[in-house]
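What follows is a short report on a single structure.
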Amino acid sequence: MNPYQQPIPSRFNAQSTASEVAAGHQLQGKNVIVTGGSAGIGFEIVQTFSRAGANVIVGARDAARAHEKLADLPNTTFIPLDLADPASVDAFAGQYLATHQQLHFLFNNAGVFFPPELKKDKRGYELQFGANHLGHFQLAGLLWPALQHAGGARVIAHSSVGHRRMGLRLDDPNFEQHPYDPMKAYAQSKTANALFAVHLNKLGLSHQVQAYSVHPGAILTDVVLHMSPEELESWKKRVKNFKTTEQGASTAVWCALSEELNGIGGVYCEDCNIAPVVANDESIVYGVRTYAGDEDSAAELWQFSEHATGVRWGY
């Protein structure tokens, strides 16, 4: 486990908003990509960086909604992106690299949550694992040259405390040998997001690229679309403190901008701080489990993902 995986004296907390975290930062000349940036916390991240003067590129599936939401934001452009479709990921990266040599911040924010029936991406992998992890792995790999050329870049992978429900099952990622469980499938994808940050940070050390995974908190956004009314009501009863989208975006923004994290990467964060390591107990609804920060598991997932996507990172 990363020795830095322990809370620090952060200036911010669970109630902090993205705009509060970004206050005072002037980001003119910085390039930012936010996947799923036309809704929810992704849109809040986009607004925050746009207001700070950054050049923001949004990737999302719904072009009509993206154009409507982004119309009044300066320095913000849209490129279609479907993380479940390798051709779409290739096209997005190609379009970005054709006009940009550097990428300073990459937010792997988009995600699929809780489809009740087993669905697969266009690679043939279970949809949550395919879109939430493999799609982002492919995207970041294609954008790696721009991250290297930034002279200091940060990649933020949106994980979740939902990772507590299952680690990786790389011998059966598509639930062919086990009954499909949407929450466990989601958990596997969120564990993968955390492990992605662990290994990317290791590879990025010599290129001034740092990586983080974040749990944004419980927020009532479009992510709950696949929940039945009963499941949603049960979730509301279990969660004591829901966050606003502004609060939910704050930890990702903190990971991107915090000087407190200079030289500290590969960690899982929540509530604008590095999360504590906790026991593998589903009843504990905070912190990171050891299997989500294990370097050997991260390396194994990386090798699996290179094979699955066909993207070989140039280290």
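The values are calculated or read from the model by the stated rules, or taken from the named source; none is laboratory data. Quick caveat: nothing in here was measured; it's all calculated off a predicted structure. Ideal geometry is used to build each Cβ from the backbone, glycine not excepted, and the neighbour counts take in all protein chains shown.
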| field | Every residue from segment 169-193 that is assigned to a loop (DSSP other than H, G, I, E, B), touching a residue at least 40 places away in the same chain (Cβ under 8 Å) and more than 14 Å from PHE304 (Cα to Cα) | value | PHE175, TYR180
| said: Among the residues of segment 15-44, what is the count of those that are assigned to a helix (DSSP H, G or I) and under 19 Å from GLU260 (Cβ atoms)? | reply: 5
| Matching residues in segment 264-274 - criterion: being in a loop (DSSP other than H, G, I, E, B) and either within 16 Å of the chain's Cα centre (by Cα) or free of Cβ contacts under 8 Å to residues at least 24 places away in the same chain (or both) | GLY265, GLY266, ASP271, CYS272
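Can you find a residue that is of a type in the set (Ser, Thr, Tyr) and at pLDDT 95 or above anywhere in segment 225-242? Give the derivation first.
First, pick out the residues of segment 225-242 that are of a type in the set (Ser, Thr, Tyr): 228, 234.
Next, only the ones that are at pLDDT 95 or above stay: none.
No: zero hits.
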| note | Of the residues in segment 27-84, those that are buried (at least 23 other Cβ atoms within 10 Å of the Cβ) and hydroxyl-bearing (Ser, Thr, Tyr) number 3
| task | Collect the residues in segment 276-305 that are free of Cβ contacts under 8 Å to residues at least 12 places away in the same chain and either within 19 Å of the chain's Cα centre (by Cα) or surrounded by 15 or more Cβ atoms within 10 Å (Cβ to Cβ) (or both), keeping them in residue-number order. | result | VAL278
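Output the number of residues of segment 104-126 satisfying the condition of being over 16 Å from the mean Cα position of the chain (by Cα) and touching a residue at least 12 places away in the same chain (Cβ under 8 Å). Break it down stepwise before answering.
Initial filter on segment 104-126 (over 16 Å from the mean Cα position of the chain (by Cα)): 114-126.
Now restrict to residues that are touching a residue at least 12 places away in the same chain (Cβ under 8 Å): 114-118, 120-126.
Residues flagged as over 16 Å from the mean Cα position of the chain (by Cα) and touching a residue at least 12 places away in the same chain (Cβ under 8 Å) within segment 104-126 amount to 12.
Before we move on, is GLY59 touching a Leu at 6+ places or on another chain (Cβ under 6 Å), modelled with pLDDT of 95 or more and closer than 28 Å to GLN148 by Cα?
Against the criterion (touching a Leu at 6+ places or on another chain (Cβ under 6 Å), modelled with pLDDT of 95 or more and closer than 28 Å to GLN148 by Cα), GLY59 qualifies.
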| Is segment 39-53 home to any residue that is at pLDDT 95 or above, more than 22 Å from THR244 (Cα to Cα) and not acidic (Asp, Glu)? | yes
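Could you grab me the full set of residues in segment 99-117 that are modelled with pLDDT of 95 or more and part of a loop (DSSP other than H, G, I, E, B)? Give the steps one after another, and end with the answer.
Step one: of segment 99-117, the residues modelled with pLDDT of 95 or more are 99-110.
Answer for segment 99-117, where residues must be modelled with pLDDT of 95 or more and part of a loop (DSSP other than H, G, I, E, B): HIS100, GLN101, GLN102, LEU103, HIS104, ASN109, ALA110.
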| message | So for segment 17-37 (the condition being over 25 Å from GLY266 (Cα atoms) and free of Cβ contacts under 8 Å to residues at least 12 places away in the same chain), does at least one residue qualify? | response | yes
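Condition check ((1) without any contact (Cβ under 8 Å) to a residue 24 or more places away in the chain; (2) part of a helix (DSSP H, G or I); (3) farther than 18 Å from GLN28 by Cα) across all residues:
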| site | (1), (2), (3) |
| --- | --- |
| GLY53 | no, no, no |
| ILE57 | no, no, no |
| ARG65 | no, yes, yes |
| LYS69 | no, yes, yes |
| THR77 | yes, no, no |
| ALA84 | no, no, yes |
| VAL89 | no, yes, yes |
| PHE92 | no, yes, yes |
| LEU97 | no, yes, yes |
| note | Of (1) more than 24 Å from VAL46 (Cβ to Cβ); (2) crowded, with 23+ Cβ neighbours inside 10 Å, ALA157 satisfies every one except (1)
| message | If I ask for residues that are in contact with a Phe, Trp or Tyr (Cβ under 7 Å, 6 or more places away or on another chain), in a helix (DSSP H, G or I) and modelled with pLDDT of 95 or more, which ones from segment 194-224 would you list? | response | ALA194, PHE196, ALA197, HIS199, LEU203
